[in-house]
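Presented below is the structure to which this report refers.
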Amino acid sequence: MSTENSSDQLFNNSVKILTDLIGFKTISGEDNSSLINYCDEILKKLGATSFKTFDDEKKRVNLFATLKGKHHSDKKPIILSGHTDVVPVSKGWSTDPFIAAIKNDKLFGRGACDMKGFIACTLAFAPIYAKANLDRDIHFSYTFDEETACIGAPILIEELKKRGIKDGICIIGEPTNMKIIDAHKGCYEYTTYFEGLAGHSSAPHKGVSAVEYASRYVSKLIELREKLKERTPKDSIFDPPYSTLSIGGIFGGIAHNVIADKCHVNWETRPVVKEDGAFLNSELDRYANEVLLPDMKKVFLNSSIRKNIIGEVVGFNRDEKSNACELISSLTGDNNREVVSFGTEAGLFQEIGISTVVCGPGSIEQAHKIDEFIILDELKKCLNLLEGIKNNSVVS
Ligand SMILES: [Zn+2]
């Protein structure tokens, strides 16, 4: 078999697997177990060991599978990591979003670039890793519900800690056009619920307007936003360089002449450092609990303010001496390091001491959009990187 034939075969197999993966309708929050079982079967047939971790209802699953190194060395294990969920689809697709369609040099389908393309490449390459004389472990990490504030990955990370897997090099294959991303801000999302007392608008003193307290809360958030700017780290690598804060929506009230008893505020912050997130939350909680709530309770004792954490995706911090970035650079010759504005699971792996890089096929430009696609050539580039990792992981 010539090399050209086997690389064609490898590429064709990655397209076939990607087609299969797109067929699993794994929208965030829904059951992803069929897709996980599909991946698990492929890897098990190759001799991988694996374990699963679950959400409370056991319908959403993380998979962590390992192809063991055949020779001992002090090389760190590699973790190839991708999320299995996709964002929902809106109307207007030219093709069925859950049936892969190839047109010219592109493959269309929900998740094609974000990020089933990467998962398909890792599965297509797995047989080669299995046959190689690996001198380190190669792990495959497939998580659920990344798109909804990284709900799945922390459950997996807890298990990794328990099993003592706290060292290694992790490649998160989010779509970066195979460029090296080594930092992003955190992304914390919240909904704060206000409950007061309804009443006739002609007697505002007899009710507790949830809308009015919510708007005072929003004013406080806007005030704190200015404080976040003052806290800009000197050497910030982000754009904008400070932690941002945004109010996504205020919902409450039923009529002009009714005091609103319910209101909720959706808001988010993107901290450049963890401390900003802690600062913001403690200032805000203090204001809510020590100023607003006592005021509300003066009129109605059962008034409440409840802050619900939708998700707190930790930031991913630049590490000047990153093993993960150095490995990718040595394989691709690309020494550039970039930051992105979207969040990933990278910070979670980094937090437990795993050197992490975000680098994967496809472009974020096509993610979360109608007619999402991946340029087929990107899959080839990703397979080349996986080949490089193999060459770097065999006894020489
Ligand atoms: Zn993604």
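The values are calculated or read from the model by the stated rules, or taken from the named source; none is laboratory data. Given the structure is predicted, the values throughout are model-derived calculations rather than measurements. Because the Cβ atoms are built from the backbone with ideal geometry, glycine has one as well, and the counts that use them run over all protein chains shown. Keep in mind that these areas ignore ligands, DNA and RNA; they rest on the heavy atoms of the full protein, side chains included. Shrake-Rupley method; radii C 1.70, N 1.55, O 1.52, S 1.80 Å.
Numbers at a glance
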quantity: Residue 163 - accessible surface, heavy atoms, 1.4 Å probe, Å² rounded to 10; calculated: 130 Å²
quantity: Size of charge dipole - the stretch 271-311 - debye, nearest 20, with Cβ of Lys, Arg +1 and Asp, Glu -1, no other charges; calculated: 240 debye
quantity: Label-point gap, in nm, between residue 395 and residue 247 - each point 7 angstrom along Cα→Cβ; calculated: 6.6 nm
quantity: The chain - accessible surface per residue (Å², probe 1.4 Å); calculated: 46 Å²
quantity: Extension gain, residue 278 back to residue 222 (0.36 nm per residue minus Cα-Cα distance, nm); calculated: 18.5 nm
quantity: Global form of the stretch 1-148, assessed from the alpha-carbon gyration tensor, a/c cut-off 1.5; calculated: oblate
quantity: Size of electric dipole in the chain: Cβ of Lys, Arg +1 and of Asp, Glu -1, about Cα centre, debye, nearest 20; calculated: 480 debye
quantity: Farthest positive-ward along the stretch 245-396 dipole, Cα basis, beta-carbon charges - from 379, 291, 363; calculated: 291
quantity: Trypsin sites (Lys or Arg not before Pro) within the stretch 82-136, DSSP loop, no more than 13 other Cβ atoms inside 10 Å; calculated: 91
quantity: Protection proxy ranking of 338-349, 379-390, 34-45, 282-293 - average other beta-carbon atoms within 10 Å, highest first; calculated: 338-349, 379-390, 34-45, 282-293
quantity: Helix axis angle, 153-162 relative to the chain longest principal axis, alpha carbon, degrees; calculated: 70 degrees
quantity: In Å², nearest 10: area of residue 93 left accessible to a 1.4 Å probe; calculated: 40 Å²
quantity: Inter-probe distance in nm under a simple model that places probes 7 Å from Cα toward Cβ, at residue 290 and residue 49; calculated: 5.2 nm
quantity: Rounded percent of accessible protein surface that carbon and sulfur make up, the chain, 1.4 Å probe; calculated: 49 percent
quantity: Size of electric dipole in the stretch 103-159: Cβ of Lys, Arg +1 and of Asp, Glu -1, about Cα centre, debye, nearest 20; calculated: 460 debye
quantity: Chain lengthening between residue 37 and residue 215 when straightened (0.36 nm per residue, less Cα-Cα); calculated: 59.3 nm
quantity: Separation in nanometres of the label points that stand 7 Å from Cα toward Cβ, at residue 74 and residue 255; calculated: 7.7 nm
quantity: Equivalent ellipsoid semi-axes, the stretch 292-387, via Cα gyration tensor eigenvalues times 5, rooted, Å; calculated: 43, 20, 10
quantity: Most positive-pole-ward Cα, 72, 100, 113, against dipole of the stretch 1-149 from beta carbon charges; calculated: 72
quantity: Cysteines without a disulfide-compatible partner [the chain; Cβ-Cβ under 4.7 Å]; calculated: 39, 113, 150, 170, 187, 263, 325, 359
quantity: Cα long-axis angle, helix 3-23 against the chain (0 to 90 degrees, to the nearest 10); calculated: 30 degrees
quantity: Computed lengthening from residue 387 to residue 167, 0.36 nm per intervening residue step minus Cα-Cα distance; calculated: 77.0 nm
